[in-house]
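The values are calculated or read from the model by the stated rules, or taken from the named source; none is laboratory data. Because the structure is a prediction, the values reported are computed rather than measured. In this analysis, Cβ positions are derived from the backbone assuming ideal geometry, glycine residues included, and neighbour counts consider all displayed protein chains. These area figures cover heavy atoms from the full protein model, side chains too; ligands, DNA and RNA do not enter into them. Shrake-Rupley method; radii C 1.70, N 1.55, O 1.52, S 1.80 Å.
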Amino acid sequence: MSPAARALGFRSAVVATLCSLAYVVGQLAEWAGWLGSAGGPESVSTPLGIVVLLVPSILLGTAFLLLLASVHDVAPRERRVWSLAALAFGVAYAVLISMTYFVQLTLVAPRLARGDTRGIEPFLFVPFDSFLYAVDILGYSFMSVATLCAARVFRGNGLPRVARWFLTANGLLLPFLVFQMYVHPLIWIASAWAVTFPGATWTLALLFRRGRMETPAVVG
């Protein structure tokens, strides 16, 4: 593992973990109605809620992409097809969610704060019932596929096995993301992301910190 890959992988994994946890805390506050919305997963966010939820989310997109690039760099040659596939799906995720959240933070939130939404109705982020919510769901679906692919990179016991488990578990949330536009209660199962994703990124941080992706074989 090169020093550059080790440093970038560790730092991006830590940032991804912190951003995901910040989002989880913000989402719980949003669903509890503490950020000014009516509460629950179907409520529209206030300008405050948009900022609290989407600032860590947009930073997460970049951190996750850098983390996947680091994983690809250190992946064993025979498994780099999986790390490359993960990186490709990660790019799709980062592009979609970054576009969605930048529009919300720079266009929608200021207009909501002024009470003037004329002309921006197609860009309002309404859970389960808007264009950008569908784009967001597609983005996180690509994230799930990315983690499924990344899971195939890791072999062995100990931390690699934990990383593989968390990455796979996060990937298996895919159907609960894709179909929640039609079956809204699926969001409660998809909420397991609050455990699977930070669990995966923190485990990867530990792997990059020790500078080795696999558990060495015991000889003798």
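Numbers for the structure displayed
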| read-out | value |
| --- | --- |
| The range 184-192 - phi-based ³J(HN,Hα) in whole Hz, Karplus 6.51/-1.76/1.60, Gly and Pro as x | 4, x, 4, 4, 5, 6, 4, 5, 4 |
| Efficiency of FRET between V195 and D116 - r from beta-carbon atoms, R0 45 angstrom, step 0.05 | 0.70 |
| Within a Gaussian network of the chain (alpha carbon springs, distance under 10 Å), most fluctuating of A75, A205, A113 | A113 |
| Of F125, A63, T203, farthest towards positive along the dipole that unit charges on Lys, Arg, Asp, Glu beta carbons give the chain | T203 |
| Surface share of carbon and sulfur [accessible, 1.4 angstrom probe, percent] for the chain | 71 percent |
| Assigned charges on the beta-carbon of Lys, Arg, Asp, Glu; the chain dipole about Cα centre (debye) | 980 debye |
| Under the Karplus curve 6.51 cos²θ - 1.76 cosθ + 1.60, θ = phi - 60°, whole-Hz ³J(HN,Hα) for the range 91-107, x wherever Gly or Pro sits | 4, 4, 4, 5, 5, 5, 6, 5, 4, 4, 6, 5, 4, 5, 6, 9, 10 |
| Extension gain (nm, one decimal) between L172 and F131, 0.36 nm per residue minus Cα-Cα | 12.3 nm |
| Long-range Cα-Cα pairs in the chain (distance over 20 Å), rounded percent | 58 percent |
| In order through the range 85-90: 3J(HN,Hα) via Karplus (6.51 cos²θ - 1.76 cosθ + 1.60), integer Hz, x for Gly, Pro | 4, 4, 5, 4, 5, x |
